[in-house]
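Comments concern the structure below.
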Amino acid sequence: MATGKINVSVDNIFPLIKKFLYSDHEIFLRELISNATDATLKLKHLVSIGEAQVELGEPRIEVKVDTEGKKLHIVDQGIGMTEEEVRKYINEVAFSGAEEFLDKYKDAGKDAGIIGHFGLGFYSAFMVAHKVEIISKSYQDAPAVHWVCEGNPEFTTSEADKADRGTEIILHIAEDSEEFLEEGRIRELLMKYNKFMPVPIKFGTRTETLPKPEGAKEEDPAPTREVDDIINNPSPAWTRKPTDLEDEDYRTFYRELYPMQFEEPLFHIHLNVDYPFNLTGILYFPKLTGDLNLQKDRIQLYQNQVFVTDNVEGIVPEFLTMLRGVIDSPDIPLNVSRSYLQADGAVKKISSYITRKVADKLTSLFKEDREGFEQKWNDIKIVIEYGMLSEEKFFEKAETFALYPTVDGAYYTFEELQEKVKAQQTDKDDRLVLLYASDQEAQHSYIEAARAKGYEVLLLDSPIVSHLMQKLETSKEKIAFARVDADHLDKLIPKDEPQVSKLSESEQETLKTQMEQVLGDKSAYTVQLEAMDSEAAPFVITEPEFMRRMKEMQQTGGGMFGIGNMPEVYNLVVNTNHPLVSEILNTKTDKKRSRLINQSLDLARLSKGLLKGEDLTRFIRRSYEMVK
């Protein structure tokens, strides 16, 4: 037997590991299985190039829980280690001391991944174990070795009685970590971190039902047998070539990733690049719900098929974090702080590549099956609109596939839309005005008024569309968006020949005074007299485009400071050319005038969806009285 000291400059390395990584102590299993996987893959490589003359067989990793002995075993059939290799790889820890450890990671937080950074993967075992044993036999002709350490710099090595090639790690679980003696907890960790490891992982056995023998009666039970429970899929879809996969393979893999998600994805994007970085993966476009916050953190990040995190911020562009799927890259520097990661050049290239790949996929889907793309538009528009706002290169590419639907169910690209409406909706200043509605039911009367003039009305109802319109208006010349209820139509798209009012200036002043007296000082409406077509509505309630849009942008992040807290602003537009307005002006009694104004105002409020509660009750009662 040999004894010695692990080569570190301070004796308190083990308490340090436990203290600084306690919040992440479950990663010990990920690290130890990763080591076992590396040992197995290395042996496979040596056999394939003829450097290892051994019978490879079908190597696997086995995890065993010994509840009574309070031990956890991780066993592989990989390359193994000689005593000299144990001394080299286990006893010589890859950093100079705890001071460097503390200094480098004092601000890194628990997501820093410091274990892997210092080559301390094996030593993560001491976060949960008070004693660790290694029993290893190299594929070379050398005696097996037994290494024992009890959570301090002293260790012992001796020759072991092990005939089979490979390594067994035995963790003597500490009292404060006995959760890792529960089979359910270990299975949970294996499924979280190692579900797609490239080497089969056995964890216990399971009962398999066999076909009934020929001639068996219906009531006879089917025969069963106990088989090894392989808990992982060593060849997940993203590791295979797209040419080897069918659509059903992608759908099956989606169900494997999200077993509790019952809706099928809309489509997928297979990522596969090996220069100037290595990256594989599959991204899925899901059907999105209204609550975008619940959609995030569904993309899983792997490093060589080992799960790392589902927080891919900084690696995947922000607008794509609402997608689902897997990204796997050995080139992402996971063992550094998040701020460093976001500034890393390789990560930026990966993010740009993913953006380009998604844009290319959307372009091809649009070109190959426009009708199918239009049917999916409502489910994917949030992602596309968000991308157009946040990524300039995506904005440029989206010109070819971003759609603008109308209230009539037609879909146009921006170029098609311009061509469609420019003859009718270009104003006197040669500006193209794009009318839109955000709620087809609530704004129905305004939509119908626009249709009557031959105008096209878009249906733009996503929560971030105000931001997108602002961007389009600033990036394109002589383009303006206006919601159909932002003003009366003659003002939204002003032409060369303005309407002339039938009322004189003094009559208009009198009418405005009468209106304001009935409405009162605390009215939410600003009276605005306009000369319109006599067939147009006498009273119309509008919301000024600028203030309303700024308020919407403030509420979804952006816009002017403080506007989001302001009350709603409405204009009461009075059509001075309508016969009813002349009747109001010429009414002799205040009572009748008040009734006509209130009734007309309530009708306008009703068409705007603003008439509710007590006001609605009064309107109904007044209406019955007027039709008696």
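The values are calculated or read from the model by the stated rules, or taken from the named source; none is laboratory data. Bear in mind the structure is a predicted one, so any value in this text is a computation, not a measurement. Heads up, the Cβs are rebuilt from the backbone with ideal geometry, glycines too, and the neighbour counts pull from every protein chain shown.
Scanning the stretch 225-272 for residues that are hydroxyl-bearing (Ser, Thr, Tyr) and either surrounded by fewer than 17 Cβ atoms within 10 Å (Cβ to Cβ) or out of contact with any His (no Cβ under 7 Å at 6 or more places or on another chain) (or both) gives 235, 239, 243, 252, 254, 258. Given the condition at pLDDT 85 or above and not small (Gly, Ala, Ser), answer yes or no: does some residue in the stretch 291-300 qualify? Within the stretch 291-300, one or more residues are at pLDDT 85 or above and not small (Gly, Ala, Ser). For residue 466, the stated conditions do not hold, so it cannot be described as at pLDDT 90 or above, within 18 Å of residue 382 (Cβ to Cβ) and buried (at least 16 other Cβ atoms within 10 Å of the Cβ). Among the residues of the stretch 587-617 satisfying the criterion of being of a type in the set (S, T, N, Q) and surrounded by 18 or more Cβ atoms within 10 Å (Cβ to Cβ), which is modelled with the highest pLDDT? My answer is 600. If you go through the stretch 584-620 and keep only what is among the polar types (S, T, N, Q) and either touching a residue at least 60 places away in the same chain (Cβ under 8 Å) or farther than 21 Å from residue 485 by Cα (or both), you end up with 586, 587, 589, 594, 598, 600, 607, 617.
Screening the stretch 45-80 for residues that are among the hydrophobic types (A, V, I, L, M, F, W, C) and part of a loop (DSSP other than H, G, I, E, B) and picking the one that is nearest to residue 174 (Cα to Cα) gives 79.
Of the residues making up the stretch 531-556, those that are part of a loop (DSSP other than H, G, I, E, B), modelled with pLDDT under 85 and either closer than 19 Å to residue 481 by Cβ or aliphatic (A, V, I, L, M) (or both) are 536, 543, 544, 556.
Counting residues in the stretch 134-155 that are surrounded by fewer than 19 Cβ atoms within 10 Å (Cβ to Cβ) and without any contact (Cβ under 8 Å) to a residue 12 or more places away in the chain gives one or more.
Just a yes or no: is a residue in the stretch 411-427 without any contact (Cβ under 8 Å) to a residue 60 or more places away in the chain, surrounded by 15 or more Cβ atoms within 10 Å (Cβ to Cβ), more than 23 Å from the chain's Cα centre (by Cα) and over 28 Å from residue 544 (Cβ atoms)? Yes, the stretch 411-427 contains a residue that is without any contact (Cβ under 8 Å) to a residue 60 or more places away in the chain, surrounded by 15 or more Cβ atoms within 10 Å (Cβ to Cβ), more than 23 Å from the chain's Cα centre (by Cα) and over 28 Å from residue 544 (Cβ atoms). Residues of the stretch 405-440 that are in contact with a helix residue (DSSP H, G or I) (Cβ under 6 Å, 6 or more places away or on another chain) and closer than 15 Å to residue 362 by Cβ: 411 alone. Of the residues making up the stretch 311-323, just one is assigned to a strand (DSSP E or B) and crowded, with 19+ Cβ neighbours inside 10 Å, namely 316.
Of all residues in the stretch 224-265, count the ones that are farther than 19 Å from residue 302 by Cβ and hydroxyl-bearing (Ser, Thr, Tyr). Of the residues in that region, 2 qualify. Within the stretch 497-511, the set of residues being within 14 Å of residue 584 (Cα to Cα) and free of Cβ contacts under 8 Å to residues at least 60 places away in the same chain comprises just one member, 509.
What is the number of the single condition among (1) surrounded by 17 or more Cβ atoms within 10 Å (Cβ to Cβ); (2) at pLDDT 90 or above that residue 439 does not meet? The one condition residue 439 does not meet is (1). Within the stretch 499-508, the presence of a residue that is part of a loop (DSSP other than H, G, I, E, B), touching a Phe, Trp or Tyr at 6+ places or on another chain (Cβ under 6 Å) and at pLDDT 90 or above is excluded. If you go through the stretch 267-284 and keep only what is free of Cβ contacts under 8 Å to residues at least 40 places away in the same chain and in a strand (DSSP E or B), you end up with 270, 272. Could you look through the stretch 385-409, keep only residues that are among the aliphatic types (A, V, I, L, M) and touching a residue at least 40 places away in the same chain (Cβ under 8 Å), and pick out the one that is surrounded by the fewest Cβ atoms within 10 Å (Cβ to Cβ)? Only one residue fits best here, namely 389.
Looking only at residues of the stretch 196-235 that are farther than 26 Å from residue 252 by Cα and among the aliphatic types (A, V, I, L, M), we find that the one that is nearest to the chain's Cα centre (by Cα) is 222.
With in contact with a Pro (Cβ under 9 Å, 6 or more places away or on another chain), in a strand (DSSP E or B) and either under 21 Å from residue 239 (Cβ atoms) or modelled with pLDDT of 85 or more (or both) as the only criterion, which of 308, 326 stands out? Explain how you work it out, then say what you get.
Working: 308 fails: in contact with a Pro (Cβ under 9 Å, 6 or more places away or on another chain).
Residue meeting the stated conditions: 326.
One residue is enough: does the stretch 53-60 have a residue meeting the conditions at pLDDT 90 or above, more than 17 Å from residue 134 (Cα to Cα) and of a type in the set (D, E, K, R)? Taking every residue of the stretch 53-60 in turn, at least one turns out to be at pLDDT 90 or above, more than 17 Å from residue 134 (Cα to Cα) and of a type in the set (D, E, K, R). Looking across 352, 364, one residue alone is within 20 Å of the chain's Cα centre (by Cα) and in a helix (DSSP H, G or I). It is 352.
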